[in-house]
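Peer 1: Submitted below is the structure of interest, expressed as structure tokens.
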Amino acid sequence: MTRIIFLLLWASAACAAAPFSHRLHLGLKLECLTCHPAAARSTRAGDNLLPTREACLDCHEDAAIPPPQPVGIVQFSHALHLKMGDVAPFLAQALDHQDYLQPAGSIRAHLNTHNPCEACHRGMEESNQVGASNMPQMADCLVCHSQIDPPFSCEDCHAKDAPLKPASHTEHFLTLHSSGKLQFDKSTCAVCHGRTFQCMGCH
Ligand code: HEC
Ligand code: HEC
Ligand code: HEC
Ligand code: HEC
Ligand code: HEC
Ligand code: HEC
Ligand code: HEC
């Protein structure tokens with residue numbers, strides 16, 4: 001008991017300026033949904049799923065919650081996807097079979113947590129400041145949403161008018177891309193064009 005009180009006093013003194021550390025707080029055996037209860041019911045990508053200040057006040061005198069980061073998609077339902085249980089085995093299988101359409105980085109090593117949130121939000125236990133590597137990348141979604149047909153399929157998740165063409169696609173890119181003059185890495189095309197596609201008789 002003394003030790004807990006000591007910890008709490010210590011915590012309230014320390015929390016003013018530092019960034020929020022998931023590593024530290026998950027080490028206290030706190031659950032994702034204790035702080036992010038809104039995630040379980042959320043049906044829209046724009047929902048604010050960050051905790052309210054009240055989630056902190058058992059341990060801190062005061063706390064500041066930053067505004068949520070902007071996201072690049074407009075359609076996503078946490079509630080619907082969480083009904084599927086832990087999707088990590090699907091992602092693991094795609095990686096193991098080399099069906100995954102983006103560089104894998106260290107994703108595979110983070111898919112054995114049995115925490116359904118961490119199938120998409122990986123590496124939380126090691127994160128001192130949440131960032132892009134803790135968010136799903138597009139290839140995660142495409143493991144199941146595997147019909148790729150730009151620009152139509154893009155609108156399942158992105159806004160209709162979102163600028164989704166990469167900067168490489170300049171005005172004459174169609175001619176340029178088949179000229180042999182560009183030194184592009186073909187593996188980087190797959191996430192938007194798929195691995196098997198047809199286009200005007202050449203492919
Ligand atoms: C003690 C409370 C607490 C716990 C437990 C917690 N989080 Fe968080 N989480 C926060 C706070 C506060 C933020 C906002 C701070 C920030 O973005 O740096 C945040 C931010 C996030 C973000 C980024 C949101 C954004 O756009 O900035 C994600 C994703 C996230 N948490 C997922 C999780 C997952 C998954 C778990 C469980 C493995 C978890 N959190 C456990 C408090 C918590
Ligand atoms: C199938 C993948 C997937 C799973 C599983 C998943 N998330 Fe997310 N999460 C996303 C995506 C995509 C976003 C960004 C779009 C959005 O905010 O809805 C996101 C965003 C978030 C954010 C930031 C929202 C904001 O306010 O900016 C939090 C917090 C979060 N998730 C927590 C959780 C928690 C907690 C769980 C488990 C109960 C969970 N997620 C499970 C894909 C997932
Ligand atoms: C179960 C108790 C508990 C809860 C709930 C809790 N914290 Fe903490 N928090 C701690 C402890 C313990 C520390 C460690 C203090 C230290 O190491 O300086 C800490 C440290 C911090 C720090 C300083 C981190 C650092 O690296 O020095 C911040 C910022 C913080 N917490 C924010 C929050 C926010 C925001 C919430 C609510 C979303 C929250 N905490 C909820 C116990 C808690
Ligand atoms: C494990 C497989 C799986 C993964 C991974 C997955 N989804 Fe889904 N998703 C489904 C299924 C199944 C449905 C329901 C059937 C349907 O509408 O296609 C669905 C439905 C959707 C819908 C339509 C929902 C609605 O309200 O009509 C969107 C949008 C979506 N997913 C976005 C995403 C995004 C974004 C990601 C990645 C962060 C993702 N999905 C990852 C399986 C998955
Ligand atoms: C099943 C959902 C889904 C589909 C379908 C989808 N994307 Fe994405 N896309 C995502 C997610 C998730 C991210 C990463 C999250 C983020 O950037 O906020 C992303 C990121 C991107 C980005 C990175 C820049 C940005 O906006 O943040 C581009 C560019 C992109 N997608 C283009 C496309 C194109 C082109 C298509 C159609 C061929 C497409 N996407 C189809 C889910 C999807
Ligand atoms: C005139 C024939 C021709 C047409 C038409 C054409 N391509 Fe290509 N494409 C090529 C050639 C040749 C390459 C190989 C270039 C290289 O290796 O430098 C290529 C490479 C690619 C690649 C890299 C991956 C791969 O499979 O080689 C993508 C992606 C691609 N094209 C997309 C498209 C799309 C999308 C269209 C339709 C809008 C299209 N192409 C139309 C000839 C064509
Ligand atoms: C971030 C997603 C993304 C990536 C990565 C990507 N493309 Fe595209 N690409 C698009 C979109 C979106 C279009 C436009 C589709 C439409 O409107 O018909 C397009 C169109 C094209 C076209 C038709 C000409 C044009 O500019 O519209 C060619 C050729 C093409 N891409 C080749 C490639 C090649 C080769 C690569 C890999 C080096 C690649 N793309 C990587 C998203 C992408």
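Peer 1: Compute the separation of the alpha-carbon centres of the stretch 91-126 and the stretch 146-166 and state it in Å as a whole number.
Peer 2: Centre-to-centre (Cα) distance: 23 Å.
Peer 1: Take the Cα atoms of the stretch 162-203, find their three principal axes, and give me the spread along each one in whole Å, biggest first.
Peer 2: 28, 22, 20
Peer 1: Continuing with this model, one more query. If you count only protein heavy atoms with a 1.4 Å probe, what accessible area per residue comes out for the stretch 2-142, rounded to a whole Å²?
Peer 2: The answer is 68 Å² per residue.
Peer 1: Let me ask something else. How do the peptides 69-76, 177-184, 89-96 rank, highest first, by the average count of neighbouring beta carbon atoms within 10 Å per residue?
Peer 2: 89-96, 69-76, 177-184
Peer 1: If we restrict to alpha carbons, what Rg and Dmax does the chain come to, in Å?
Peer 2: Radius of gyration, then largest Cα-Cα span, for the chain: 21.1, 75 Å.
Peer 1: Accessible area of the stretch 104-176 with a 1.4 Å probe: how many percent of it is carbon plus sulfur?
Peer 2: Answer for the stretch 104-176 is 60 percent, counting heavy atoms of protein chains only.
Peer 1: Could you work out how far helix 2-14 tilts from the main Cα principal axis of the chain, as a 0 to 90 degree angle to the nearest 10?
Peer 2: Tilt relative to the chain: about 60 degrees.
Peer 1: Can you compute the equivalent ellipsoid semi-axes for the stretch 43-125, i.e. the square root of 5 times each eigenvalue of the Cα gyration tensor, sorted largest first and rounded to whole Å?
Peer 2: Output for the stretch 43-125: semi-axes of 29, 16, 13 Å.
Peer 1: Just the number, please: carbon plus sulfur as a percent of the accessible area of the stretch 19-103, 1.4 Å probe, no ligands or DNA/RNA counted.
Peer 2: 60 percent
The values are calculated or read from the model by the stated rules, or taken from the named source; none is laboratory data. Computed from a predicted structure; not experimentally measured. Reconstructed Cβ throughout: ideal geometry from the backbone, glycine too, with neighbour counts over all protein chains shown. What goes into the accessible areas is simple: the full protein's heavy atoms, side chains included, and nothing from ligands, DNA or RNA. Shrake-Rupley method; radii C 1.70, N 1.55, O 1.52, S 1.80 Å.
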